[in-house]
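Report on the following structure.
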Amino acid sequence: MSKLVIINLGNGKLKTGFPAITAMLWEANNSRPVKFTGSLPPAPNLIDIYRRWQLVYKGIYSSFGLHPRLEIINDEITNFSIVEFSGICNQYITSINNWLNSYEFLNIDRQIRSLMSPAEEIQIIIESDDMMVRRLPWELWNFFQDYPKAEIALSDMEYKRKEFYPNLRKKIRILAILGNSKGIDIAADKQLLSTLPNAEIVFLVEPLRQEINEYLWDKNGWDILFFAGHSESNDSEATGLMYINPQDKITIEQLKPALKKAIERGLQLAIFNSCDGLGLANKLVDLQIPLMIVMREAVPDLIAQQFLKYFINAFSRGESFYLAVREARERLHALEDKFPCASWLPVTYQNPAILPMKWESKNFLNFIKNPTSLANSKPNYPTWGVSIAIAILVIIIRQLGILQPLELKAFDQLMQLRPVEAPDPRLLVVKLTETDINNIGTWPIDDLNITRLLEKIQQHKPRVIGFTIYRNLPVYPGNEKLKQQLQTTSNIVAICKVKDNNNSEISPLPYLPKENLGFDDLVVDPDGILRRHLLFMNVKKEYKCDTEYSLSIRLANLYLEHRGIKLKKLLNNSIQWGNTIFNRLEPNQGGYHNIDSRGFQILLNYRSNQNIAQEVTFTDILNDQFDPNWITDKIIIIGVTANSIPNEFFTPYSTKEWPVKKISGVMVQAQMVSQIISAILDDRPLLRVWDQWSDILWISIWSLIGGTIAANIHHKKRLTIAIICANIILFLTCFILFIQGWWVPLLPPLLVIIGNYFYFCVIFSQVRDK
């Protein structure tokens, strides 16, 4: 967002001071400014320093023979010193900033800084009729060091708003006057202008006055007027002279009627890439031209060429006018070892009542301003209707569920590309491996060994234990000891299975309180991959597994209650835990279509496919081969990982390796518990989705982007590259949002971009092969 600051210095003078200064600030798209006031004291020393600086400056350039674009060189100085000049420059900079740091101006400085960010583009315009004020190098103000996207311009005290009516020309039109080139090389300027994209340029080489006049009256109008050659201002700087050929020189007054007509027909920018242009600007500003660039002093030939190159390249590639000027000016710093103060020379004038020109595609702008202007020719502007129709078609296909398998695969790819996260330090997984079963010699594991395991763990004071092995029947020996263990402790949560469509139900331990039961039912997508996390579900009273809470909810709740964090159920299908809101997944959200969303489901934000938590085996615990710190105050999850006991699931990571890999049920529970506590304690993002209308808007925007690109690039190779770049930007945007916790549509926008490409490239046949 750009901001505009106009500092009106009033009727003051540098000699007598500026007692009534007003500063007004506008934000983009806001017609109501902020206003504040201040003043500046007299600064006659700045006039004296400037005159000394200018005298030595001209002497340096005259004696060094650096070819300024000035017909008459002041050679009054014969004795000077580079060291002396450097000292004057430093004194000049210090004096300017001391003046602008004065107490009287402090209110304006502070107000401007308080309302702006260094990241914002800022246009600052100084309004004054004092020619000495215009001579000051305002860009040396320390403000511009602190705000790298700010740039300065000058303005007259009076100006008028001028309407620019849309024209039908397809390119930027430039009238380039190449005047008297005695002793300088302006061929480089011509060569640079000749290479500009999307520009129509007419060169007038050492023309006569009548010839310039005729071209300025051209009924097709001009966007930019350019002059290169010799020029100068008179002593009072009230007017200036341009040397248009070896014999003739003219003033702005002599071209006034023609320039006035050119401005009426759209002339927006005048560039005088020549010496001492303040006198030229002083007259041209009276004609209400929107923008000007002149050189405030004698300008060396190379500096003039380099400034033009830097500015025009930045401006034509889409930079704003102000940022292009600043970039060009700052790049001149590298040449100041040979050309002192080169970056001080460019001066910008702007009519504040007119927005700065932008170098843009004329076709697109004309269509926006005058959509019927190209009705009789083959369209080369965005056909919005086609783009919207393509978006609607893709949205309908998506609503029918046809894209669900592909969108879920895209979800998996985004999941796989995320950075690997460290294991959750609050969890410990105790695995019952194939080796453990072989060592014990029986399956199911008897209650005595389970009791021994729990006693070993409880010695080190875990926060909570999740037991993910079904135990609906006693397994002797040791049943009474296990029963006593479970009845005397309150930090153990066991599992059961709710009755499903296949009527398979697994009862809980009969002597465990209901508060210590959690279901381990999972919701698997139609392609067999586990992407959702079931937190709650409504359970009928006649079911043996009659808990509405999942194991992950029970474990997380017991762990968080020790920290004073309690679960709250809210309306509108959401729950709150601490400061974290969990929103229920609806049947048609994300890439899903009419899924079974019963219960309270969210997307499962996997930590990774490996290294979910610290792991230890059943045997390691029994043999005390572990670090007690792994258990103290941690969540312990006990479960089977042996291959002979089938309890494994495909995840979004399964296809990342070959052969495809599954993870065990106990690791799934670890993922789910980690997701909950990490979201609440670490602000780790939950995976969320937009509502359907946001998805529709997102898809439509990308369709319009694809249509704009495809309708405006008529070369197949360039169009293909542009479409590929758009798809890369789309993918990176979706990936960044995914990392931040948002699953936004990727495949549908990709399809609408390609659909627009196919329509304009193949069906509409407006794209050439070369």
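Helix 44-64 and the longest principal axis of the C-alpha atoms of the chain enclose an angle of approximately 80°. Qualifying trypsin sites (Lys or Arg not before Pro) in segment 562-593, where qualification requires a DSSP coil assignment and no more than 15 other C-beta atoms within 10 Å, comprise Arg563, Lys566.
Per residue, the chain exposes 45 Å² of solvent-accessible protein surface, assessed with a 1.4 angstrom probe and all protein chains in place.
Max-minus-min Cα coordinates of segment 507-574 on each principal axis give 40, 31, 22 Å, with the largest extent listed first.
Computed from Cα positions, the angle between helix 747-758 and the longest principal axis of the chain comes to roughly 40 degrees. Here segment 712-748 and segment 95-122 have alpha carbon centers that stand 41 Å from each other. With the simple model of a label 7 Å out from the Cα in the direction of the Cβ, Asn573 to Asp48 spans 7.9 nm. Cys residues of the chain that find no other Cys beta carbon under 4.7 Å: Cys89, Cys275, Cys341, Cys725, Cys734, Cys761.
The calculated FRET efficiency for Asp527 paired with Gln610, based on their beta-carbon distance and R0 = 25 Å, is about 0.70. Mind running the shape call on segment 379-517? Use the C-alpha gyration tensor, a ≥ b ≥ c as the square roots of the eigenvalues: rounded below 1.5 for a/c, prolate if a/b tops b/c, oblate otherwise. Prolate shape, in that a/c is at least 1.5 and a/b is the bigger ratio.
Counting only Cα atoms, I'd like the Rg/Rh figure for segment 479-538, Kirkwood definition for Rh.
On the way: Rg = 14.5 Å, Rh = 13.5 Å.
Here Rg/Rh amounts to 1.07.
Multiplying the residue separation of His715 and Thr733 by 0.36 nm and removing their Cα-Cα distance gives an extension gain of 3.8 nm. With N counted as the residues of the chain, its alpha-carbon radius of gyration over 2.2 N^0.38 Å works out to 1.37.
Rolling a 1.4 Å probe over the protein heavy atoms of the chain, with every protein chain left in place, gives an accessible area that is 53 percent carbon and sulfur.
Restricting the trypsin sites (Lys or Arg not before Pro) of segment 203-282 to loop positions (DSSP other than H, G, I, E, B) with no more than 14 neighbouring Cβ atoms within 10 Å leaves Lys219. The lysine pair count for segment 385-497, using Cα distances under 25 Å and pairs eight or more places apart or on different chains, is 11. Helical runs (DSSP H, four residues minimum) scored at -39500 (n - 2.57) apiece and divided by the length of the chain put the mean residue ellipticity at 222 nm at -11000 deg cm²/dmol. Pairs spanning more than 24 Å between alpha-carbon atoms, out of Lys499/Lys568; Lys260/Lys358; Lys514/Lys540; Lys35/Lys160: Lys499/Lys568. For segment 530-589 versus segment 243-298, the spacing of their alpha-carbon centroids is 74 Å.
For segment 145-274, the Cα gyration tensor yields ellipsoid semi-axes of 22, 21, 18 Å (square root of five times each eigenvalue, largest first, whole Å).
So if R0 is 60 Å, what FRET efficiency would Leu681 and Gln191 give, r being the distance between their Cβ atoms, rounded to the nearest 0.05? Here the calculated transfer efficiency is 0.40.
Here are some pairs, Lys170/Lys256; Lys3/Lys283; Lys309/Lys338; Lys182/Lys219; which of them have Cα atoms lying more than 22 Å apart in this structure? Violating the 22 Å Cα-Cα cut-off are Lys170/Lys256; Lys3/Lys283; Lys182/Lys219.
With contacts taken as Cα pairs under 8 Å and at least 6 residues apart, the chain reaches a relative contact order of 10 percent.
With a Förster radius of 45 Å, plug the Cβ-Cβ distance of Lys35 and Gln487 into 1/(1 + (r/R0)^6) and report the FRET value to the nearest 0.05. Each step should come with its number before you reach the end.
Working: r = 77 Å, r/R0 = 1.71.
For R0 = 45 Å, the calculated efficiency reads 0.05.
Each Cα pair under 8 Å and six or more residues apart adds its sequence gap; the mean of these over the residue count of segment 387-522 is a relative contact order of 18 percent. Sorting 487-498, 194-205 by average packing, meaning the other beta carbons within 10 Å per residue, from highest down gives 487-498, 194-205. Would you list the P(r) distribution for segment 689-751, with all Cα-Cα distances sorted into 5 Å bins from 0 and each bin expressed as a whole %? Histogramming segment 689-751 at 5 Å steps yields 4, 18, 25, 24, 14, 9, 5, 1 percent.
If you stretched the chain out fully between Arg113 and Val83, how much longer would it get, using 0.36 nm times the residue separation minus the C-alpha to C-alpha distance?
Working: separation 30, 0.36 × 30 = 10.80 nm, distance 3.52 nm.
This chain segment gains 7.3 nm when fully extended.
Straight-line reach from Lys261: taking Cα to Cα under 14 Å and skipping same-chain neighbours fewer than 8 places apart, the aspartates and glutamates in range are Glu163, Glu214, Asp218, Asp223, Glu253, Asp286.
If the chain linking Phe758 and Asp691 were pulled fully straight, counting 0.36 nm for each residue of separation and taking away their Cα-Cα distance, it would gain 21.2 nm.
The values are calculated or read from the model by the stated rules, or taken from the named source; none is laboratory data. Just so it is clear, the model here is predicted, and its values are computed rather than measured. With ideal geometry, Cβ positions are generated from the backbone for all residues, glycine too; neighbour counts draw on all protein chains shown. The area values use the complete protein model at the heavy-atom level, side chains included, leaving out ligands, DNA and RNA. Shrake-Rupley method; radii C 1.70, N 1.55, O 1.52, S 1.80 Å.
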